[in-house]
Structure formats: structure tokens, C-alpha cells
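**Q** Please find one structure pasted underneath; my questions will follow.
Taken together, the values in this text are just the output of simple stated rules run on the coordinates, not laboratory data. Computed from a predicted structure; not experimentally measured. With ideal geometry, Cβ positions are generated from the backbone for all residues, glycine too; neighbour counts draw on all protein chains shown.
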């Protein structure tokens with residue numbers, strides 16, 4: 001276990017440090033060790049108590065448990081870490097993966113949909129996954145009931161990746177234990193959370209972003225309005241990936257979500273050939289995607305930007321761009337100040353890159 | 001029966017003079033009488049025998065039969081003639097209409113589809129037509145079996161227009177006799193052909209162009225690949241009208257045509273609200289469409305363009321624009337030469353405004 005890895009693991013597991021903050025700290029300080037060392041001081045400057053950093057011992061325990069499971073860590077920006085996923089602003093700094101890691105090197109397509117999908121839709125998802133597999137596409141899904149299960153089953157022979165919301169060793173739903181174990185052997189199971197983590201409601205949107213982020217495109221098969229599958233589709237759009245949907249009769253209420261997606265611009269999919277045609281323009285990015293964040297630490301200027309930024313912030317979320325414009329400080333100085341407030345537990349980050357001061 | 005009308009009727013019923021030639025003759029000569037008088041000479045100049053013009057007596061007989069049916073003529077560019085239809089290059093110069101003529105003044109939407117459509121699709125078409133009627137949309141279709149019949153039935157209360165391929169008084173298919181008679185009273189039936197004409201295979205594409213041309217948009221409900229409904233959809237695209245399609249499960253082979261239409265850009269439709277949203281941008285054209293062809297005769301120049309144009313033409317269709325460019329003559333002179341060749345029976349007109357010399 002090398003020192004840099006221990007530092008990375010400690011950094012991302014420390015309370016209050018999510019993937020975005022992690023990425024910014026790495027950008028500022030160049031490596032996880034320097035970032036860890038800087039965090040207490042940054043938090044104090046931001047006006048908060050220093051966070052309780054994840055201990056070296058805890059990191060060693062987690063590492064040992066991952067080793068014991070026969071799983072591997074994937075490190076953002078290194079080795080086998082999936083290139084398309086690394087494009088995300090909030091790409092998971094570490095993933096835990098168990099199974100055939102070489103599946104990460106293929107063209108990937110997500111297939112998601114309703115847990116209570118119709119038998120016909122499940123049959124369609126299974127057939128689509130199977131046909132995509134015959135064209136060397138690896139099928140990504142979430143190991144949930146319904147469409148996810150059908151998609152994994154259809155692609156088990158050819159290659160499939162299951163992204164779970166809890167720990168890689170936690171079976172949810174319980175009836176998928178045998179399937180998940182089969183995928184440890186013949187497919188790949190990926191988790192962002194440490195082993196043993198029971199999935200909670202708040203984990204699922206994070207899981208969904210990994211499915212969308214891993215995939216050149218995502219196919220939605222029967223999704224209820226306002227369902228998690230539609231969230232995955234929206235995330236895929238935001239990532240610039242292809243969103244595809246399987247249509248159905250307007251007389252079938254379960255087809256509504258997908259028909260609406262198509263009305264809003266998703267590509268209508270009838271078979272594997274349609275999927276292949278849709279993802280072809282994105283496929284080269286699987287390999288060509290740039291390493292997005294491993295650059296040298298920036299020169300820190302504007303030490304006194306913190307006070308200005310703090311004054312500009314209030315309880316209502318405002319775009320960071322606006323803070324930069326109003327502050328007159330450099331973008332780097334403002335980002336630094338925000339980072340300090342963040343680590344001090346005084347900043348809330350919102351959708352669309354907006355921030356607000358956390359009420360005391 | 002005024003003289004101008006008799007001349008128009010004689011002109012369009014004369015052999016070899018279709019809607020495009022009619023429009024060009026009217027453009028050149030300003031009125032049908034002058035056009036009729038010029039035709040023999042034009043044909044001779046083009047190197048053919050003068051066509052047998054439709055006689056005054058035949059025109060009077062047809063007029064009397066239309067009167068007897070209680071039907072009315074609609075004259076392109078005059079009175080109640082539908083403005084959207086008048087936009088077409090090959091708009092019918094005359095239509096025969098029986099029923100509530102005021103339906104021509106409403107916003108119109110075509111609903112077309114398979115003759116052997118599923119019961120579910122027919123139910124959907126009937127419900128859609130009914131709901132559109134509640135929003136004062138007049139539903140246009142072709143009085144065929146299946147989807148057409150369902151669409152007319154759904155909109156019979158609110159207003160529906162049936163476009164037939166044969167004469168307005170010919171019932172095809174025979175089982176639609178009662179329906180067509182009901183539409184004489186409560187709807188409107190339109191024909192391009194003279195009364196008594198039995199519909200033949202070649203009439204149906206012309207009928208389809210009238211459905212598409214009358215309508216701000218056309219909805220396709222279950223259409224087989226390479227079916228007449230898809231031809232109607234293509235014509236609507238070419239006319240700049242909205243094309244809409246009702247999706248279905250990829251597992252249902254009857255949904256293939258519509259799903260492909262959607263993949264190619266048609267708007268996915270689930271209900272009447274979707275249709276109304278789609279046609280709203282086109283609706284104002286129903287009233288605002290310009291009278292396209294009633295302008296003064298052009299000054300004829302380039303009397304000797306005929307020889308040049310004839311040399312440039314061959315058995316392979318070429319765009320008229322290219323003939324104009326290559327000839328060095330004015331557009332007017334080239335069009336005049338083409339008209340002469342056309343009337344001499346020596347020109348074939350093809351899709352996309354291309355022309356070729358007819359093999360001797």
C-alpha cells in the first residue's frame with residue numbers, strides 16, 4: 001500500500017470532503033498528502049473547526065477488507081480507472097471493483113429502467129443486452145430488480161458491469177445475491193462506498209451518476225415519470241452522452257416516461273443496431289478522454305479574498321462565476337476561499353455550480 | 001357558369017395538362033382562356049401534335065353532374081379554396097367538394113395509417129380525432145379502411161374532411177358508403193377527379209398529397225414500412241408541414257413504420273395536446289398563406305431558347321435549375337421552352353423539379 005494511495009483514501013473518506021472538494025484540493029496542492037496536511041489550516045481560515053480526518057488506521061483496515069474480498073481499488077486518473085467516468089466534475093476519486101477489470105476497457109452502454117417493468121420490457125432489455133454483447137459492447141446497469149436484472153442477465157456471457165449503491169460485498173436487493181456473485185466471476189461489480197456499506201436512499205443518485213458516467217450512452221427501457229431512471233438519463237445528457245429510449249404505445253402508461261424522453265430529444269431505439277449507431281460518435285472518447293485533473297498546483301494569490309467572498313455569500317445559492325465577477329478577485333483566489341469555507345463546514349454546494357453560506 | 005371557370009375546367013381536364021403545367025400556363029398567359037388558345041401553338045412549337053382539348057360540351061356535362069350531386073367546385077386561388085393546399089406546386093386547380101364547406105376554414109390535421117391496423121391503434125386514432133375535435137381542429141383523412149375510418153368516426157361530431165381518390169360520388173371501399181353519405185351531411189368529402197371516376201392505384205398518391213397539403217400537420221398511426229401512409233408523411237415533410245407519429249413497442253412489428261418516422265425526425269405524439277403543440281407554429285399559415293400563382297403574365301423573351309433547351313435535355317432527369325444555368329437563357333425563357341415541350345408530349349416531369357426528354 002503506497003503512501004500516496006493511503007493519503008487519497010484518507011482524503012476522500014474524511015467527513016465533508018466529497019468528490020468535488022477532493023478534486024479541487026488535488027488541483028491546489030498537487031497531491032493528497034499535501035492536501036491532507038493543508039485541510040486543518042484551510043478549515044480554520046474558513047472560520048470552522050478542523051474536520052476529523054479519516055485516520056491512517058481506518059484506511060489500512062478498509063484496504064485490508066478490500067484485499068480480503070478479492071476486490072481492487074480504481075484510482076481517478078490512474079491505470080484502469082474508466083476514462084469516460086473521469087470526465088465528470090464529481091468523478092469518484094476511488095472506486096472498488098470486483099471481477100473482470102478488463103471489461104472497463106470496452107465500449108460501454110448503460111441499460112436502465114423500472115424495477116416493476118412489464119415482462120415484455122424485461123424480455124426486450126435482455127435481448128438488447130445480449131445483442132449488444134455480440135457486438136463487443138459491455139452493458140452497464142445497477143443490479144436492481146426489473147430492467148437492470150434483465151440487462152445483466154442478457155449480457156452475462158459477453159460482459160456486464162453492475163454498479164451498486166452500497167458496498168461491493170452488500171447484496172441489494174437480497175434476491176440478487178447469486179447474480180452479483182456470478183458477476184464477481186464473469187462480470188464486474190463496482191462500488192463507490194466502502195465494503196459493508198448498506199445502501200441508503202441518498203446513495204442511489206450517486207450510483208446513477210456512475211452508471212451514466214461509465215457509459216458512452218444510456219438506454220432507458222420503461223421508466224415511470226420522475227423515476228431514478230429518468231434522473232440517470234438527465235445526468236447522461238448533462239455529461240454530453242447519448243440518451244436513448246425504447247418507445248411504447250401511448251395506451252400503455254408504463255411507456256410514458258420513455259415516450260416523453262424521446263419527445264425531449266432522446267434517440268428512439270428499436271434494436272442493438274440503433275444503439276450502436278447512436279453511440280458511435282461518442283465511442284472514441286472512451287479511449288481519447290483526457291486525464292482531467294492531475295495538473296500542477298496553481299500559484300495561490302489573493303490571500304485576502306476570503307473576507308470578500310464571505311461577504312458576497314448568503315443563504316441563497318449563487319453561481320460561483322458571479323462571486324468571481326463581483327469579488328474582483330482572480331478565479332483561483334475565489335475558488336481557494338470557497339474551498340476554505342467548504343472545509344470549515346460553512347459552505348453548501350448546489351446543482352449548477354452554485355454555492356451558499358451554510359446557516360450557522 | 002362563368003366563362004373563366006369553363007376555361008379552367010377545360011384546361012385541367014385536357015389530356016397532358018396536369019396541375020404543374022396548368023399553373024405554368026396560368027402564370028404565362030394570365031387566364032385560362034388565353035392559355036387554352038395558346039396550347040395548340042405551344043405544342044406545335046414543341047414539335048408535337050396539338051393535344052385534344054377538353055370540349056366545352058364535356059365541361060358543361062361535368063358541371064351539370066356536380067350541380068346535380070349538390071357538390072361545389074373549389075377553384076385554386078379563389079374563394080374557399082384551402083390556403084395551405086394552394087401552397088403546393090402541384091395544387092389541384094379544381095376540387096369538387098360535397099358537405100359543410102365551412103370546415104375548410106378551420107385548423108386541419110391529417111390522421112392516416114394502416115388499413116389493417118390493430119384494434120388498439122384504431123381506438124387510439126378515434127380518441128385522438130375526438131379530442132382534437134374538442135379543440136376545434138378539423139380532422140382530415142382518406143376514407144379508407146382502418147385508421148382513416150376510425151379518425152373520421154372520432155371527429156364526425158366536431159368536423160372531418162374525407163379526401164377520396166375517385167369521384168366524390170364513388171364509394172370505395174364499398175362498406176364506407178354509409179359513412180361517406182354521413183359525411184356529405186355532417187362533414188365534407190373532397191375529390192380531385194370528376195364525378196363517377198372509379199379510383200385506380202395511380203390515383204392514391206395524388207389523393208395522399210391532398211391530405212398532406214390540406215393539413216397543418218399529419219399524424220401517422222401504425223403504418224407498415226413502404227406504405228401509403230409513409231408516402232403521405234414524406235409529402236408533408238416536403239411541404240414543410242409537421243409530421244407526427246404514434247410510437248409503439250419495438251416488439252410490435254406494426255409499430256415499426258411509426259418508430260422509424262420518429263427516428264427520422266417526426267414528432268412523437270401521445271395525445272391531442274402533443275398534436276396541438278406541434279401544429280401551433282404552422283396554424284397561422286392556414287389564414288396567412290399567400291395566393292401563390294395569380295400574378296400577371298410574364299414578358300416572354302428568348303424565343304429561340306427552345307432549341308437550346310431541347311439540346312440540353314436527354315433521357316436522364318436533370319434539375320430545371322441546371323438547364324437554366326447551362327442554357328444561359330433566362331429562367332422565363334427556359335420555363336416557356338419546357339412548357340412547349342410538355343404540351344407537345346415530349347417532356348417528362350420527375351420528382352424534385354427534374355425533367356427529361358421523353359423517348360420518341
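**Q** Assume the label is 7 Å from Cα along Cα to beta carbon: what separations in nm does residue B:354 have to the matching positions in the other copies?
**A** Sorted ascending, the copy-to-copy spacings read 5.6 nm.
**Q** Further question: With labels modelled as points extended 7 Å from the Cα through the Cβ direction, what inter-label distance (nm, one decimal) is found for residue A:226 paired with residue B:120?
**A** Here the answer is 2.6 nm between the modelled labels.
**Q** Quick one: what Rg and Dmax do you get for the range A:213-269 from the alpha carbons, in Å?
**A** Reported Rg and Dmax, both Å: 10.4, 34.
**Q** Moving on. Sort B:192-199, A:140-147, A:268-275 for me by packing, meaning the mean count of neighbouring Cβ atoms within 10 Å per residue, highest on top.
**A** A:140-147, A:268-275, B:192-199
**Q** Please label the shape of the range B:109-247 as rounded, prolate or oblate, based on the square roots a ≥ b ≥ c of the eigenvalues of the alpha-carbon gyration tensor (a/c under 1.5 means rounded; beyond that, a/b larger than b/c means prolate, else oblate).
**A** It is rounded, given that a/c, with a ≥ b ≥ c, falls under 1.5.
**Q** Arranged from highest to lowest average of other beta-carbon atoms within 10 Å per residue, in what order do the peptides A:318-325, B:130-137 appear?
**A** Ranked by mean Cβ neighbours within 10 Å, highest first: B:130-137, A:318-325.
**Q** Could you give the radius of gyration (one decimal) and Dmax (whole number) of the Cα atoms in the range A:165-287, in Å?
**A** Rg, Dmax (Cα atoms, Å): 15.7, 44.
**Q** Still on this structure: Report, in degrees rounded to the nearest 10, the 0 to 90 angle that the Cα long axis of helix A:56-69 makes with the longest principal axis of chain A.
**A** Between the helix axis and the principal axis of chain A, the angle is about 10 degrees.
**Q** Can you figure out the FRET efficiency of residue A:102 with residue B:256, using R₀ = 51 Å and their beta-carbon distance, to the nearest 0.05?
**A** For residue A:102 and residue B:256, the calculated efficiency is 0.85.
**Q** Same structure again: Taking only the alpha-carbon positions of the protein assembly as shown and ignoring solvent, what does the Debye formula give for the base-10 log of I(q)/I(0) at q = 0.05 Å⁻¹?
**A** For the protein assembly as shown at q = 0.05 Å⁻¹, log10 I(q)/I(0) is -0.40.
**Q** Could I ask something else about it? Using helices alone, I'd like the mean residue ellipticity at 222 nm for chain A: each DSSP H run of four-plus residues gives -39500 (n - 2.57), total over residue count, nearest 500.
**A** -13000 deg cm²/dmol
**Q** Quick one: grab Rg to one decimal and Dmax as a whole number for the range B:1-43, Cα atoms only, in Å.
**A** 9.3, 28
**Q** Equivalent ellipsoid semi-axes for chain A, as square roots of 5 times the alpha carbon gyration tensor eigenvalues: give them largest first, rounded to whole Å.
**A** 37, 24, 18
**Q** Tell me, B:282, B:190 in order of fewest to most beta-carbon neighbours within 10 Å?
**A** The most exposed by this proxy come first: B:282, B:190.
**Q** Within a 10 angstrom radius of each residue's Cβ in A:247-257, how many Cβ atoms of other chains show up on average? Whole number is fine.
**A** Mean partner-chain Cβ count within 10 Å for A:247-257: 6.
**Q** Over all directions, how big on average is the projection of the convex hull of the alpha-carbon atoms in the range B:117-183, in square nanometres?
**A** 4.0
**Q** Find the chain A residue whose Cβ sits closest to the rotation axis that carries A onto B, and give that distance in whole Å.
**A** A:247, 2
**Q** At a 10 Å Cβ-Cβ cut-off, how would you order B:72, B:98, A:181, fewest neighbours first?
**A** In order of increasing Cβ crowding within 10 Å: A:181, B:72, B:98.
**Q** Neighbouring Cβ atoms within 10 Å as the yardstick, rank B:29, B:204 fewest first.
**A** Neighbour counts put them in this order, fewest first: B:204, B:29.
**Q** Between residue B:52 and the same site in the other copies, what are the distances in nm, shortest first, taking label points 7 Å from Cα along the C-beta direction?
**A** In nanometres, ordered from closest: 10.5.
**Q** I'd like to know how the range B:83-142 sits against the 2.2 N^0.38 Å rule of thumb: what's its Cα Rg over that expected value?
**A** So the range B:83-142 has a normalised radius of gyration of 1.33.
**Q** Continuing with the same structure: May I ask you to report, in nm to one decimal and beginning with the shortest, the distances from residue A:281 to the same position in the other copies, taking label points 7 Å along Cα-to-Cβ?
**A** 1.9
**Q** Moving to a separate point now. Applying 1/(1 + (r/R0)^6) with R0 = 35 Å to the Cβ-Cβ distance of residue A:49 and residue A:1, what FRET efficiency is obtained, to the nearest 0.05?
**A** So, using R0 = 35 Å, E works out to roughly 0.75.
**Q** Which whole-number value in Å³ per residue fits the convex hull of the alpha carbons of the range B:1-157?
**A** So the per-residue Cα hull volume is 135 Å³.
**Q** Efficiency by 1/(1 + (r/R0)^6): what FRET value for residue B:87 and residue B:202, r their Cβ-Cβ distance, R0 = 22 Å, to the nearest 0.05?
**A** So the FRET efficiency works out to roughly 0.40.
**Q** Between the helical axis of B:19-29 and the dominant principal axis of chain B, each derived from Cα atoms, what acute angle in degrees is found, rounded to the nearest 10?
**A** Result, in degrees: 40.
**Q** Averaged over its residues, how many other protein chain Cβ atoms are within 10 Å of peptide A:261-267's Cβ atoms?
**A** Rounded to a whole number, the mean comes out at 3.
**Q** Something else: Provide, for q = 0.18, 0.21, 0.26, 0.27 Å⁻¹, the log10 of I(q)/I(0) from a solvent-free Debye sum over equal Cα point scatterers in the range A:303-360.
**A** -0.49, -0.68, -1.08, -1.17
**Q** So for the range A:7-86, Kirkwood radius off the Cα pairs, Stokes-Einstein at 20 °C and 1.002 mPa s: how many µm² s⁻¹?
**A** So the translational diffusion coefficient is about 156 µm²/s.
**Q** How many angstrom lie between the C-alpha centres of the range A:164-235 and the range B:1-36?
**A** 71
**Q** Which angle from 0 to 90°, rounded to the nearest 10, does the C-alpha axis of helix A:119-134 make with the longest principal axis of chain A?
**A** Roughly 80 degrees between the two axes.
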